[in-house]
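What follows is a single structure, written as structure tokens, with notes after it.
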Amino acid sequence: MCRTVLRDGRTLLLTATVRPRANRADVKCVVPGAPALGERMAEVVRLARLTEARLDSRVQLVLGIDGAPQEGERNWELAAVLADRMARGAWRPPRGTGEVIALGWSDAWQLGRVDGYDAPPALPDTGPDMGPDIGQSTSARRELVLGGAGLPHLGALTGHADPGGSVSSVRTWFPLHSGGINDTLAWVEVSVAPLAADAPLPGADEEDTIAVPGVDAAAQLAVRQALAGARHGDGRGLGRWRTAVRFSEARFTGASYQLALVMADRLARGRDFVPRGRLIATGSSTAWHAGQVDAVDGREAKLALILAEAAAGDRVLLPGAWHDALPPGWAGALRAKGASFACVDRVGLI
């Protein structure tokens, strides 16, 4: 259990328990009447776990909160991360602590960073916990954890270095075509952190090490399968990483992001050369384990969007099947902007 205090002074209790996973989701968050908050809570927990060296995919975390913070309230984020770690034994508060109270938020939990906290009207007292009888105290004291200067990163919980130093994050872009003014270049970000040599436990597979917070279950499965498949062709790709994947646009359909995803993963793991500018890619595959790149729908619209958005130094990767169908003048116009492109049939050194 872990408490937090909101900007308006309310105190909320977060309760975390673990149970055998039994083919269920790794994290389940229960927030009555606020499903969006439950999704965000699960996202925070999954991203923060990226900075842990050891992986145990055999348990499910069930996390609940006894009230609903107002929109924009974020002090509960650090409390959720600590409740998760205490329930799994990944962190233990100092000896003699009776209750942990945590206030903090982050825009980069996947790096283990804690940016700060929103100050309530008054910080809670850190004196002894009160016993069941009024006026009766116990010897255990409250532990107050404040994000920011008090706890700049999660490694400080155990006296370790900033875990963000071991996380490699890369963004690539892909054309998101919806047939109108909302067409845009969206990004996918892959963050990888090395696993300890003995980290994967018996029964764990590559997909268990990949977290995709913020998207629906079908998209999570597709991302995990694509990355796990693409790593099969990499002699040093499997069983070595914990991975978090984020999208700038969480709600989309289709699989044309997959080449951008695979390339972001390869760049983050040092398996390909980084372009001077952005890497923009579109393509999918029915055989990522063989490195195969297949064509996707919407060729004309996506090529037009890429040409309009490309800038000097950008590198564009397209399916090899598009090579003979590029619009007249498209390649020259792209090069005139200072960008380059290649049509590829397989992923490797591109």
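Just so you know, all these numbers are worked out from the coordinates, no wet-lab data involved. Keep in mind it's a predicted model, so treat the numbers as computed, not measured. No Cβ is skipped: glycine too gets one built from the backbone with ideal geometry, and neighbour counts run over all protein chains shown.
Based solely on C-alpha atoms, express the radius of gyration and the Dmax of segment 24-105 in angstrom.
Rg and Dmax of segment 24-105, Cα atoms, are 12.9, 37 Å.
With the calculation restricted to Cα positions, what are the radius of gyration and Dmax of segment 2-163 in angstrom?
15.4, 47
I'd like the Karplus ³J(HN,Hα) series for segment 253-265: coefficients 6.51, -1.76, 1.60, θ = phi - 60°, whole numbers in Hz, and an x wherever there's a Gly or Pro.
The phi angles translate into 10, x, 10, 6, 6, 5, 5, 4, 4, 4, 5, 4, 5 Hz.
Looking at the P(r) of segment 167-344, how many percent of alpha-carbon pairs lie beyond 21 Å?
The answer is 47 percent, as a whole percent.
Among Phe252, Phe174, which comes first, second and so on when ranked by fewest other beta-carbon atoms within 10 Å?
Arranged by neighbour count, lowest to highest, Phe252, Phe174 become Phe252, Phe174.
How far apart, in nm, are two points set 7 Å out from the Cα along the Cα-to-Cβ line at Asn182 and at Ala196?
So the label points at Asn182 and Ala196 sit 4.5 nm apart.
What does the convex hull of the Cα atoms come to per residue for the chain, in Å³?
It comes to 157 Å³ per residue, whole-number rounded.
Farthest toward the dipole's positive end in the chain, which of Gly116, Val31, Leu13, given Cβ charges of +1 (Lys, Arg) and -1 (Asp, Glu) about the Cα centre?
With unit charges placed on the Cβ atoms, the residue in question is Gly116.
Loop only per DSSP, at most 16 neighbouring Cβ atoms within 10 Å: give me the trypsin sites (Lys or Arg not before Pro) in segment 1-38, ordered by residue number.
Arg10, Arg21, Arg24
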